[in-house]
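Worksheet for the structure shown next.
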Amino acid sequence: MSDFSLSDLEAIIAERAKADPAQSWTAKLVAAGQERAAKKLGEEAVETVIAAISQDRTHLAAEAADLLYHLMVVLKIGGVPLQDVLDELQRRTAQSGLTEKASRQHS
């Protein structure tokens, strides 16, 4: 089992975002801005759905990795640390999913 974490990915993205955009895909995405990065995230989400439907576990794992990477880039550009996302997940999981979802629909 890998010791690699989303926190590791966050740190790698932060470092690569400082690189020359001609030398780093991450830096190129960051330089292109949130709109481009968000569009790429959407493309990866669709590809992940297609992989899930195809029931190909290897393809699904690869697409899920792309999706997580691009989500982390969007968060980086947006100035949202991973810890904020984890805190929100912790808040939401402190109650049942149905209760939590109902509380968001009324806000």
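Summary table below
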{"read-out": "Failed criterion for Asp3 (all others in (1) within 23 Å of Asp87 (Cα to Cα); (2) charged (D, E, K, R); (3) without any contact (Cβ under 8 Å) to a residue 24 or more places away in the chain; (4) assigned to a helix (DSSP H, G or I) hold)", "value": "(4)"}
{"read-out": "Odd one out for Glu15 among (1) buried (at least 17 other Cβ atoms within 10 Å of the Cβ); (2) under 21 Å from Leu86 (Cβ atoms); (3) over 15 Å from the mean Cα position of the chain (by Cα)", "value": "(1)"}
{"read-out": "Test for Gln83: is it over 11 Å from the mean Cα position of the chain (by Cα) and modelled with pLDDT under 95", "value": "no"}
{"read-out": "Odd one out for Gln95, checked against (1) outside any loop (DSSP other than H, G, I, E, B); (2) exposed (fewer than 13 other Cβ atoms within 10 Å of the Cβ)", "value": "(1)"}
{"read-out": "Filter result for Ser24 (out of contact with any Ser or Thr (no Cβ under 6 Å at 6 or more places or on another chain), loosely packed, with under 15 Cβ neighbours inside 10 Å and not aromatic (Phe, Trp, Tyr))", "value": "no"}
{"read-out": "Lys76 surrounded by 15 or more Cβ atoms within 10 Å (Cβ to Cβ) and either touching a residue at least 40 places away in the same chain (Cβ under 8 Å) or of a type in the set (Val, Ile, Thr) (or both)", "value": "yes"}
{"read-out": "Criterion: farther than 24 Å from Gln83 by Cβ, part of a helix (DSSP H, G or I) and in contact with a helix residue (DSSP H, G or I) (Cβ under 9 Å, 6 or more places away or on another chain) - qualifying residue of Ala31, Ala45, Ala61", "value": "Ala61"}
{"read-out": "Ser96 being modelled with pLDDT under 95, farther than 20 Å from Ser24 by Cα, out of contact with any Lys or Arg (no Cβ under 6 Å at 6 or more places or on another chain) and among the hydroxyl-bearing types (Ser, Thr, Tyr)", "value": "yes"}
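The values are calculated or read from the model by the stated rules, or taken from the named source; none is laboratory data. Keep in mind the model is a prediction, meaning the values are calculated, not measured. All Cβ positions, even for glycine, are placed from backbone atoms using ideal geometry, and neighbour counts span all protein chains on display.
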